[in-house]
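Working notes, structure below.
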Amino acid sequence: MNEETRYKASRKASYLGLLGNIVLTFLKGFIGYIAGSTALMADAVHSASDFIGTLIVIKGVKIAHLPPDESHPYGHHKAESIVSKIIAIILMITAVFIGYEAFQILVSDEIGIPGSAAIIVAIISIGVKEGMYQYTIRVGRKYRNAALIADAWHQRSDAISSIAALIGITGAVLGFPFMDPLAGIVVALLIFKTAISIYIDAIQDLMDSAPPQEVLDKITEAASIDEGVKAISEVKVRRYGSMLLVDMKINVSPHITVENGHAIAARTKQNILTHNDEVKDVLIHVNPYYD
């Protein structure tokens, strides 16, 4: 995988998301205030958290693509997982804030009926946010960028919250004013659920969780190509941000020289790297093979 291409594509998606979030935050905040819609104001706060999250993603993607150095010999790819975790925490805080404000209005005696302009803005937000999600998730999955994928789900959660806001605003306009702050609470719950999911995925990456079995099988298959490899054992694979690090043991004939054994290990490593573009590095231990 070309790191420069990956970085440029990720950065482009992040900047497009940043621009969209700036516009939607001010639009929803302004119209929500003018129209007196709690749900739309809550949605504006959500878009503002998207804006902050995207800024963090931009910085995280930049750090993740820095070359290896003395302190980080494997590179900086785990920065993407750290960014995902930060985004999840931001979402949780946002959800609690939105839910609390909406609940305070719901139990008060001052529930107003929002203006119809809030409905139009909510519809615009749904379309824009879903488009941003589709583009960001496609780039994130193509280049296996955990931070970008987390940001995409952040965008999708905003689209879902806009749908909840639209339902609440419409219900309030039709004569059920309690539906507007109630929609704000629903928005908060949806955001919190998304945050938990992103947080769990980030923790799994930081805990060096193994990839799916099909990835392990593909690596083992590539390691078996060289005819000098008689057996393979103890294949261990862990995530390093968007990349994979592999540790394995191979068995070779006990009658060959150390030099030949080393050559087999080198060819095996190259086979794995060639057939698995997710793999960043391979450490191979050579053992003698006895039938």
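Count of the range 227-250 residues, restricted to those that are in contact with a Lys or Arg (Cβ under 6 Å, 6 or more places away or on another chain) and surrounded by fewer than 18 Cβ atoms within 10 Å (Cβ to Cβ), is 4.
Of 101, 80, 130, all but one fail to be in contact (Cβ under 8 Å) with a residue 24 or more places away in the chain, buried (at least 24 other Cβ atoms within 10 Å of the Cβ), assigned by TED's automatic domain parsing to the domain that holds residue 198 and closer than 23 Å to residue 21 by Cα; the exception is 80.
When the residues of the range 237-266 are filtered to those that are modelled with pLDDT of 90 or more and among the charged types (D, E, K, R), which remaining residue is nearest to residue 67 (Cα to Cα)? Going through the qualifying residues, I end up with 247.
Being within 25 Å of residue 239 (Cβ to Cβ), in contact with a helix residue (DSSP H, G or I) (Cβ under 6 Å, 6 or more places away or on another chain) and surrounded by fewer than 24 Cβ atoms within 10 Å (Cβ to Cβ) is the filter here, so list the residues in the range 43-60 that pass it.
Going through the range 43-60, the residues within 25 Å of residue 239 (Cβ to Cβ) turn out to be 53-60.
Imposing the further condition that a residue be in contact with a helix residue (DSSP H, G or I) (Cβ under 6 Å, 6 or more places away or on another chain) reduces the set to 53-54, 56-58, 60.
Answer for the range 43-60, where residues must be within 25 Å of residue 239 (Cβ to Cβ), in contact with a helix residue (DSSP H, G or I) (Cβ under 6 Å, 6 or more places away or on another chain) and surrounded by fewer than 24 Cβ atoms within 10 Å (Cβ to Cβ): 56, 58.
Flag not set for residue 200, criterion: surrounded by fewer than 17 Cβ atoms within 10 Å (Cβ to Cβ) and farther than 30 Å from residue 162 by Cα. Being in the same structural domain as residue 60 (by TED's automatic domain parsing) and within 24 Å of the chain's Cα centre (by Cα) holds for only one residue in 120, 86, 124, and it is 86.
The set of residues in the range 56-72 that are in contact with a Leu (Cβ under 9 Å, 6 or more places away or on another chain) and outside any helix (DSSP H, G or I) contains only 72. Residue 119 passes all but one of (1) under 24 Å from residue 176 (Cα atoms); (2) in contact with a Gly (Cβ under 6 Å, 6 or more places away or on another chain); (3) in contact (Cβ under 8 Å) with a residue 24 or more places away in the chain; (4) not polar (S, T, N, Q); which number fails? Result: residue 119 passes all but (2).
Where residues in the range 261-283 are part of a helix (DSSP H, G or I) and out of contact with any strand residue (DSSP E or B) (no Cβ under 8 Å at 6 or more places or on another chain), which of them is farthest from residue 238 (Cα to Cα)?
Restricting attention to the range 261-283, the residues satisfying the condition of being part of a helix (DSSP H, G or I) are 261-275.
Subset that is out of contact with any strand residue (DSSP E or B) (no Cβ under 8 Å at 6 or more places or on another chain): 263, 266-267, 270-271, 274-275.
Numbers: 263: 25, 266: 20, 267: 21, 270: 18, 271: 18, 274: 18, 275: 17 Å.
Across the range 261-283, the extreme among qualifying residues is 263.
The residues listed here are 27, 16; of these, the one that is surrounded by fewer than 19 Cβ atoms within 10 Å (Cβ to Cβ), under 17 Å from the mean Cα position of the chain (by Cα), in the same structural domain as residue 166 (by TED's automatic domain parsing) and under 30 Å from residue 117 (Cα atoms) is 16.
Let's see how each residue does on (1) assigned to a strand (DSSP E or B); (2) in contact (Cβ under 8 Å) with a residue 24 or more places away in the chain; (3) in contact with a strand residue (DSSP E or B) (Cβ under 9 Å, 6 or more places away or on another chain):
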position: 228; (1), (2), (3): no, yes, yes
position: 232; (1), (2), (3): yes, no, yes
position: 244; (1), (2), (3): yes, yes, yes
position: 249; (1), (2), (3): yes, yes, yes
position: 254; (1), (2), (3): no, yes, yes
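The values are calculated or read from the model by the stated rules, or taken from the named source; none is laboratory data. Remember, predicted model here, so these are calculated numbers, not experimental data. With ideal geometry, Cβ positions are generated from the backbone for all residues, glycine too; neighbour counts draw on all protein chains shown.
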